[in-house]
Amino acid sequence: MKIKTVEFIKSAVQTAHYPEYDFPEIAFAGRSNVGKSSLINTLIQRKNMVKTSSKPGCTQLINFFLVNEDLSFVDLPGYGYAKVSKKIRAQWQPMIERYLSHRKSLLGLVLLIDIRRDPAKEEFDMIEWLESNKKPYLVILTKSDKLSKTKQEKRRIAICSQIDRDKSGVILFSSKTKKGRETILNEIESLIGGSL
Ligand code: GTP
Ligand code: MG
């Protein structure tokens, strides 16, 4: 898939404020600081279209982007970051859950996991939700540049076995080196398949 145009549409918290278009939508989810916003910037080849930060908890709203005028990308706030206040955490989890359960045009999800961490309850819960709701998903191992090539492959095999998923559905990625960009775009294209 080639990215020709990208437009930031809006940020939302409540379902009533989501864009009303019903283009097929791909959401990016994962722990805070895992690199969701950086991945979207890399895919769309804009350095700062989506705000990123070395401090976890950067994305606090659901951000909608229109790609090629017929596909929607959604940057979700991260989950699982202990240091944001309890109050904020108590708002985020329902915000993400509401999005997942209400957004009819949600076609599939890109689940990001830091290559150096083992999947935890949040990831297993997300995978269980995706499978029980028959939503296709990709698993992306982010920050692969932090490990040697040999270690990257070892981690990939280990994570594949933990989440019981074939190697082809688990992609190594780095927003520093752009490794994996083309593969992810191609996978997204086959995921949306006939929906465009
Ligand atoms: P929240 O919005 O807080 O949920 O975080 P996020 O998942 O959107 O992460 P973000 O893209 O803001 O990146 C967090 C930090 O990790 C930033 O300092 C990025 O520069 C860094 N980062 C993201 N991707 C990579 C990567 O592939 N390699 C390396 N080395 N650093 C990365
Ligand atoms: Mg973010």
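The values are calculated or read from the model by the stated rules, or taken from the named source; none is laboratory data. No experiment lies behind these values; they were computed from the predicted model shown. Cβ atoms come from the backbone with ideal geometry, glycine included; neighbour counts cover every protein chain shown.
What to note about this one:
- Complete set of residues in the range 75-89 that are closer than 27 Å to Glu187 by Cα and either more than 13 Å from ligand 1 (Cβ to nearest atom) or modelled with pLDDT under 90 (or both): Pro77, Gly78, Tyr79, Gly80
Conditions tested, residue by residue: (1) surrounded by 14 or more Cβ atoms within 10 Å (Cβ to Cβ); (2) touching a residue at least 40 places away in the same chain (Cβ under 8 Å).
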site	(1), (2)
His102	no, yes
Ile157	no, no
Arg165	yes, no
Ile171	yes, no
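- Verdict on Ser32 being among the hydroxyl-bearing types (Ser, Thr, Tyr) and either at pLDDT 90 or above or under 14 Å from Ser175 (Cα atoms) (or both): no
- Checklist (1) out of contact with any strand residue (DSSP E or B) (no Cβ under 7 Å at 6 or more places or on another chain); (2) β-branched (Val, Ile, Thr); (3) touching a residue at least 24 places away in the same chain (Cβ under 8 Å) applied to Ile62, failing item: (1)
- Residues that are of a type in the set (Lys, Arg) and assigned to a helix (DSSP H, G or I), drawn from the range 112-171: Lys121, Lys146, Lys149, Lys151, Lys154, Arg155, Arg156, Lys167
- Cβ pairs under 9 Å, 6+ apart, first in the range 40-56 and among the hydroxyl-bearing types (Ser, Thr, Tyr), second away from ligand 2 (no atom under 12 Å from the Cβ): Thr42/Phe173; Thr42/Ser174; Thr42/Lys178; Thr42/Gly180; Thr42/Arg181; Thr42/Ile184
- From the list Ile159, Ile62, Ile171, Ile127, the one residue that fits, being in contact with an Asp or Glu (Cβ under 8 Å, 6 or more places away or on another chain), of a type outside the set (Gly, Ala, Ser) and more than 13 Å from ligand 1 (Cβ to nearest atom), is Ile159.
- Against the test of being under 30 Å from Thr15 (Cα atoms) and not aromatic (Phe, Trp, Tyr), the options Ile159, Ile113 yield a single qualifying residue, Ile113.
- Condition met for Leu138 (in contact with a Lys or Arg (Cβ under 8 Å, 6 or more places away or on another chain) and either closer than 19 Å to Ser32 by Cα or modelled with pLDDT of 95 or more (or both)): no
Conditions (1) modelled with pLDDT of 95 or more; (2) β-branched (Val, Ile, Thr); (3) within 16 Å of ligand 2 (Cβ to nearest atom), marked per residue:
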| residue | (1), (2), (3) |
| --- | --- |
| Asn41 | no, no, yes |
| Asp70 | no, no, no |
| Phe73 | yes, no, yes |
| Gln91 | no, no, yes |
| Glu97 | no, no, no |
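- Single residue of the range 1-50 satisfying the filter (within 16 Å of ligand 1 (Cβ to nearest atom) and among the basic types (Lys, Arg)) that is surrounded by the most Cβ atoms within 10 Å (Cβ to Cβ): Lys36
- Each residue in the range 173-196 was checked for being free of Cβ contacts under 8 Å to residues at least 60 places away in the same chain and either within 15 Å of Pro119 (Cα to Cα) or more than 19 Å from the chain's Cα centre (by Cα) (or both), and 1 of them qualify.
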